[in-house]
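Worksheet: one structure, shown below.
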Amino acid sequence: MAKFLNPQRQYCGALREEHVGQRVAVCGWCARMRDLGGLIFIDLRDREGLVQCVFDESDDKALFDLAFTVRSEFTLKIEGVVRRRSSVNDKIPTGRVEILADKLEIYEKAETPPFEISDEASVNDALRLKYRYLDLRRPSLQKKLALRHRITHIAHQYFDEQGFLEIETPMLTKSTPEGARDYLVPSRVHPGEFYALPQSPQQYKQLLMLAGFDRYMQIARCFRDEDLRADRQPEFTQIDLEMSFVDQEDVMAVNEGFLQRLFQEILHIDIPLPIQRMPYQEAMARFGSDKPDLRFGYEIFPLEEIVKDCGFAVFDNAMKAGGAVRGIKVDGGAKFSRKEIDSLTEYVKTYRVKGLAWAKLSEKGELSSSFAKFLAPETMEALLKQAGAQAGDLVLIIADADEETALNALGQLRCEAARRMDAIPKDVYKLLWVTDFPLFEYGEDDEGKGRLYAKHHPFTAPQDKDLPLFETNPIAMRAKAYDIVVNGWEMGGGSIRIHRSDVQQQMFQALGFSPEDTQERFGHMLNAFRYGAPPHGGLAYGLDRLVMLLAGEDSIRDVIAFPKVQNASDLMMSCPSPVEDKQLKELSIALVEKPRQP
């Protein structure tokens with residue numbers, strides 16, 4: 001809560017019993033006006049809350065008549081003396097006091113808003129976002145944006161104490177297409193050429209390390225032209241960091257201190273240090289995710305040895321194809337009906353697997369299963385033992401020719417089953433470092449040909465012992481990369497960077513860049529590295545996600561002042577929008593009209 005301001009103006013939500021007898025002035029919006037005959041009550045709202053203001057007809061008839069004209073969302077200034085309320089309202093912080101008003105100024109009248117300015121009002125998202133400036137008057141949204149301010153303030157303060165210098169990097173930069181699409185900005189001065197809005201300050205912050213600024217931080221705006229999800233926006237904010245003369249443990253230690261302070265000051269939760277570490281391969285094997293939620297169990301277990309040549313075609317076919325047969329145990333899940341299990345089967349099919357095998361033990365230990373009749377009794381017994389199944393439990397199994405597909409589906413199933421079982425504890429925060437990520441992953445280029453892509457970005461350093469694999473088996477290489485995960489959300493990620501020119505050249509070659517492509521895209525980096533680059537590494541937090549998590553929300557829209565919608569448009573500003581032909585001509589741009597879809 002903001003402090004009590006001054007005699008000229010106080011925040012509505014800051015008034016308390018200690019202010020009884022004081023003369024105050026408050027400004028804000030009328031949340032509610034009630035006419036009780038000779039008394040009028042106006043609930044005045046500002047960013048810190050609301051306070052009840054009383055107008056007594058017997059004290060000042062003209063003032064009373066003016067108050068009678070006030071309607072919802074009028075902008076007001078009210079002056080008077082704070083007194084105790086006769087009827088206490090402990091649902092609000094100011095519920096023990098009120099202002100006996102003796103002055104009222106109507107700054108501006110207001111039309112009837114398109115929806116009630118209330119946290120309880122049921123309004124569709126499109127309407128809220130069209131009138132976002134009204135939506136932002138809601139107390140819950142104002143609290144979330146205030147929380148965002150507090151988090152960035154703690155970040156500034158903490159990293160300043162740790163010797164970091166805040167340095168701004170350019171918003172107009174070079175397009176180096178690799179990964180997400182760039183937002184392009186045409187240059188009027190250089191016709192036919194374009195800047196790109198930064199997807200991150202990655203290259204600039206590495207160049208700052210080379211320039212000798214050994215500890216850099218920035219609250220950085222970033223842009224990616226990609227499809228939106230609940231936790232994605234086309235423009236977003238990072239808490240961006242880079243350090244020189246460090247290894248992975250140094251970077252993680254500094255950030256653990258930041259996270260410990262953040263959780264203590266915001267949520268009053270003590271995060272024990274050091275934070276748990278888990279290699280990528282272990283996270284995938286146990287939880288089917290590189291950002292596992294550790295608040296509940298349901299760990300994945302292998303079944304390949306037990307069901308090998310078992311005679312059940314679903315399992316046998318997956319094994320013959322070199323795939324996987326894995327399962328999870330849902331404690332107490334035997335209460336799921338057949339209809340509910342079928343619903344889970346349909347759920348996992350959305351993750352590219354063909355179906356779900358299941359077995360459950362009733363509270364009396366009686367077995368029912370979709371596949372037990374195909375297995376020998378001793379094989380079924382060994383399977384249930386491997387699962388650790390007890391009376392009342394449910395075992396869910398996925399078999400697939402592709403191990404990665406099976407693990408991903410099980411990771412999603414694990415979380416969905418926990419949600420349906422209400423097995424995820426509230427107000428619990430489990431933090432985890434996931435380390436030793438693959439350096440590369442396979443993907444298809446624009447022509448449909450398979451090639452290697454950087455798992456993180458092409459400046460991530462490989463593990464030292466894996467350097468020889470550049471020549472023999474690059475897909476097996478591991479990166480000096482690390483993600484910080486909180487309750488199944490990736491809150492930040494980083495790596496130790498490549499500081500040797502020869503290794504950086506090997507990286508570009510493995511990614512399929514020709515010497516000409518490399519020079520065109522990254523020549524500025526390679527040239528800079530010729531003048532002595534220090535060992536360096538860093539990390540970037542997704543500020544929007546971090547605020548979302550600490551605010552207990554499910555979507556980053558709720559913690560961004562003016563978010564975009566699913567198609568990356570702004571409903572309030574009605575953009576993107578056409579521009580005048582004159583502007584296009586100045587930029588040497590001609591538009592090609594796309595044919596309409598039949």
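The values are calculated or read from the model by the stated rules, or taken from the named source; none is laboratory data. Quick caveat, the model's predicted, so the values are computed rather than measured. Positions of Cβ are generated from backbone atoms using ideal geometry, with glycine treated the same way; all protein chains shown enter the neighbour counts. Only protein heavy atoms, including side chains, enter the accessible area calculation; ligands, DNA and RNA are left aside. Shrake-Rupley method; radii C 1.70, N 1.55, O 1.52, S 1.80 Å.
Taking all Cα-Cα distances within the stretch 114-165, those exceeding 12 Å account for 69%. For the chain, adding -39500 (n - 2.57) for each run of n ≥ 4 DSSP H residues and dividing by the number of residues yields -8500 deg cm²/dmol at 222 nm. Think of the stretch 315-441 as having a plus end and a minus end, set by charges on the Cβ of Lys, Arg, Asp and Glu; of Ala357, Ser337, Ile424, Ser337 sits farthest toward the positive end of this dipole.
For the stretch 61-202, the solvent-accessible area works out to 58 Å² per residue, with a probe of 1.4 Å and every protein chain left in place. Each peptide among 64-73, 431-440, 452-461, 19-28 gets the average number of other Cβ atoms lying within 10 Å of its residues, and from highest to lowest they stand as 431-440, 452-461, 19-28, 64-73. For the stretch 166-323, the calculated P(r) over all alpha carbon pairs, in 10 Å bins from 0 to the bin holding the longest distance, is 8, 20, 28, 21, 14, 7, 1, 0 percent. For the stretch 474-553, a Kirkwood hydrodynamic radius built from all Cα pairs, placed in the Stokes-Einstein relation at 20 °C and 1.002 mPa s, yields a translational diffusion coefficient of 142 µm²/s. What the Cβ-Cβ distance of Phe213 and Asp464 gives, at R0 = 30 Å and to the nearest 0.05, is a FRET efficiency of 0.70. Summary of the geometry: the stretch 150-174 and the stretch 61-93, compared by the centres of their Cα atoms, lie 43 Å apart. A simple rule links phi to the HN-Hα coupling: the Karplus curve 6.51 cos²θ - 1.76 cosθ + 1.60 with θ = phi - 60°, which for the stretch 86-97 gives 6, 10, 6, 10, 6, 6, 10, x, 9, x, 9, 9 Hz, with x for Gly and Pro.
Strictly greater than 17 Å: what percent of every Cα pair in the stretch 385-476 meets that? Result for the distance tail: 72 percent.
When the charge dipole of the chain is built from unit charges on Cβ atoms (+1 for Lys and Arg, -1 for Asp and Glu) and taken about the Cα centre, the candidate among Gln142, Trp489, Gln412 whose Cα reaches farthest toward its positive end is Gln142.
Can you give the extra length, in nm with one decimal, that the chain gains between Lys143 and His268 once fully stretched, where that is 0.36 nm per residue apart less the Cα-Cα distance?
Numbers: separation 125, 0.36 × 125 = 45.00 nm, distance 1.69 nm.
Gain in length upon complete extension: 43.3 nm.
Amide H contacts of Glu166: Met217, each under 5 Å away and 5 or more positions distant or on a separate chain (H built 1.01 Å from N in the peptide plane; Pro and chain starts excluded). Bridging of Lys103 to lysines at a Cα separation below 28 Å is possible for Lys3, Lys61, Lys77, Lys91, once same-chain residues fewer than 8 apart are set aside.
For the stretch 450-595, the Cβ-based charge dipole about the Cα centre amounts to some 380 debye (Lys, Arg positive; Asp, Glu negative; other atoms uncharged).
Charged side chains reduced to their Cβ positions (Lys and Arg at +1, Asp and Glu at -1) give the stretch 389-443 a dipole of some 380 debye around its Cα centre. Note on Ile341 and Gln22: their simple-model spin labels are 6.6 nm apart, each label 7 Å out from Cα toward Cβ. Restricting the GluC sites (Glu not before Pro) of the stretch 339-384 to loop positions (DSSP other than H, G, I, E, B) with no more than 13 neighbouring Cβ atoms within 10 Å leaves Glu363, Glu366. Gain on full extension, evaluated as 0.36 nm per residue between Arg34 and Ser187 minus their Cα-Cα distance, stands at 49.3 nm. Highest mean first, the peptides 563-575, 92-104, 481-493, 118-130 sorted by other C-beta atoms within 10 Å per residue fall in the order 481-493, 92-104, 563-575, 118-130. Projected label points at Thr472 and Lys320, each 7 Å from Cα along the beta carbon direction, are separated by 3.4 nanometres. Magnitude of the charge dipole for the chain, about its Cα centre and with charges confined to Cβ atoms of Lys, Arg (+1) and Asp, Glu (-1), is about 980 debye.
Which of the residue pairs Lys205/Lys430; Lys320/Lys354; Lys430/Lys480 have a Cα-Cα distance greater than 21 Å in the structure shown? Correct reply: Lys205/Lys430; Lys430/Lys480. The long axis of helix 501-510 is offset from the longest Cα principal axis of the chain by roughly 80 degrees.
All Cα-Cα separations within the chain were binned at 10 Å from zero, giving a P(r) of 3, 13, 19, 20, 19, 14, 8, 3, 1, 0, each value a whole percent of the pairs.
Annotation: amide H of Arg277 within the under-5 Å range of Trp433, sequence separation 5 or more or interchain, hydrogens built in the peptide plane.
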